[in-house]
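A.B. asks: Following this message is one structure expressed as structure tokens.
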Amino acid sequence: MADMNFTGPEPDLQDLLAARPQLQMHAQDGLCLEDVPLNAIADQYGTPVWVYGAGTMRARFAALRDAFAAENVPMHIHYAVKANDHLAILNLFCEQGAGADVVSIGEFRRAIKAGIAAKNIVYSGVGKAEAELEAALAAGIGQINVESAEEVEMISAIAARLGVVANIALRMNPDVDAGTHAKITTGLAENKFGIAAEDIPALYARAASLPGVQVAGIAMHIGSQILSTEPYRLAYEKGAEMVRALRAAGQNVEVLDIGGGLGIGYQDEPGLNPAAFAATVRQVTHGLGVRLMMEPGRYLAGPAGVLLGAVILQKQAGKRFVVLDAAMNDLMRPAMYEAWHGILPVDASAFHAPATPADVVGPICETADQFATNRALPDLQPGARVALLDAGAYGAVMSSAYNARPRPAAVLVDRGGFELITRRQDVDALWEGEMIPAPRRA
Ligand code: LLP
């Protein structure tokens, strides 16, 4: 199984910046996101702070949409809410015309709250609870991607009880190795996701006989951070084959949901090219006559966000440790997947200063609380700010308050200005909802 990380030589600070048009280094103002100085944001709201670029997200949505338009492939994009579920970001993608892909009633309600219509929401996930399905169906959810025979029966029963017909797609497990990190691959037969191809025809027929469900088609999602079109081609060929086989057996198949997983460049690996992806989709689905849907998350949001932190101190202990005020509870990907994230100093003078190896860590009492090992960085004195790059997806959503660390603020940069979109959590809010029981009498 391939590692999460690209194994080429590490890019230097100039390379990191050059590969990211959303970031600029200004001689006076230092590092900017969409031309807004990160120093100004940290001055006003403190650190650690999440900063997201609205222009970058819109541009990435447009690039994906246009790639399919150029191939003459009508594509319905459902943003995978799990990547970054902030209301402001859901609202932004809603305004671009996206639907949503959700995996819980919480995500469903967020999407609704942000303005996405229920009919444009797809519900995925291997374990949807009865109460969640009931609420989603009652609210008129557009499609439920079903992952087992058991779930088909459950949904039909709930829908029948509510007097509605659930629009479902069967998630097929294509048994394809997406070549990603073992913890995020989903398309292998051994994974918990989806329904084996050989079981689909019988289940499709069974579903057609049930009162509460109507099967629209087939869904797939083979993994995340996929950097090549090949696993997609293999999976989608199997999906197209399934569509044809089902139709030959007299079934009605209208929809093919091709999932998400488009990878981005964290180190110096090129991200998946949307034009190449769209061309692959056209080649494999050409003439199939299905309504195509997809569910990208990381591709749309990842490169648009940074986690901005400040140096608490530099510790010399045989090697150099740069201790930040941001930690693994904020950005968990390095600790959880050994993921590589670029780190840029915010001040221009530091950016241009000579770099030597340092371990970049957080203040949490765990060895895993480490953002980078032997990373070439300049001298970073207490108070110096750094940006952890490509943190717009699977960043804030995966954070916790471990070590009683309040959750950071979040700021949205847009059209040359910036605005607070999440207040920094108060320390008192950490124990909101907790109770100390009165002593129990014997
Ligand atoms: N659709 C389904 C059914 C999914 O399970 C996922 C992601 C997506 C769409 C969106 O995938 P994307 O386009 O964002 O790759 N926490 C991990 C990533 C987990 C992805 C889980 N499923 C990370 O930080 O890398």
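Values quoted throughout were computed directly from the atomic coordinates according to the rules given, and no laboratory measurement underlies them. Values in this document were obtained by computation on a predicted structure and should not be read as measured data. Ideal geometry is used to build each Cβ from the backbone, glycine not excepted, and the neighbour counts take in all protein chains shown.
A.B. asks: Of the candidates Pro408, Pro345, Pro378, which one comes out as most mobile in a Gaussian network treatment of the chain with C-alpha springs shorter than 10 Å?
C.D. replies: Most flexible of the set in this elastic network: Pro378.
A.B. asks: Using +1 on the beta carbon of Lys and Arg, -1 on that of Asp and Glu, and nothing else charged, what's the dipole of the chain about the Cα centre, debye to 20?
C.D. replies: Values: 35 positive and 49 negative charges, 145 e Å.
Dipole magnitude for the chain comes out near 700 debye.
A.B. asks: Follow-up question, since we're still on this one. When the convex hull of the C-alpha atoms of segment 55-301 is computed, what volume per residue in Å³ does it have?
C.D. replies: 111
A.B. asks: For a distance above 16 Å, tell me the whole-number percent of Cα pairs in segment 247-293 that qualify. Mind showing how you got there, number by number?
C.D. replies: Details: 567 of 1081 pairs.
Pairs farther apart than 16 Å: 52 percent.
A.B. asks: Also, I was wondering about something else. For Ser349, Ser209, Ser124, Ser228, what ranking results if the residue with the fewest other Cβ atoms within 10 Å of its Cβ goes first?
C.D. replies: Ordered from fewest to most neighbouring Cβ atoms within 10 Å, Ser349, Ser209, Ser124, Ser228 come out as Ser209, Ser349, Ser228, Ser124.
A.B. asks: Here is a further query. Using only the alpha carbons, work out the radius of gyration and Dmax of segment 209-274 in angstrom.
C.D. replies: So, for segment 209-274, Rg and Dmax equal 15.5, 52 Å respectively.
A.B. asks: Based on the alpha-carbon set only, what is the convex hull volume of segment 9-138 divided per residue, in Å³? Don't skip to the end; give the middle numbers.
C.D. replies: Working: hull volume 23.1 nm³, N = 130.
Measuring per residue, one finds 178 Å³ for the Cα hull of segment 9-138.
A.B. asks: So for segment 57-109, averaging the separation of alpha carbon pairs under 8 Å that are six or more residues apart and normalising by length, what relative contact order in percent results?
C.D. replies: Over segment 57-109, the number comes to 40 percent.
A.B. asks: Sticking with this one: How high is the relative contact order of the chain, in percent, counting Cα pairs under 8 Å that sit 6 or more residues apart?
C.D. replies: Result for the chain is 19 percent.
A.B. asks: Here is a follow-up. Any idea what log10 I(q)/I(0) is at q = 0.07, 0.08, 0.11 Å⁻¹ for the chain, Debye with uniform C-alpha scatterers and no solvent?
C.D. replies: Relative scattering, expressed as log10 I(q)/I(0), comes to -0.38, -0.49, -0.87.
A.B. asks: In whole Å and largest first, what semi-axes does the C-alpha gyration tensor of segment 307-427 yield when each eigenvalue is scaled by 5 and square-rooted?
C.D. replies: Numbers: eigenvalues 102, 68, 34 Å².
Ellipsoid semi-axes (Å, largest first): 23, 18, 13.
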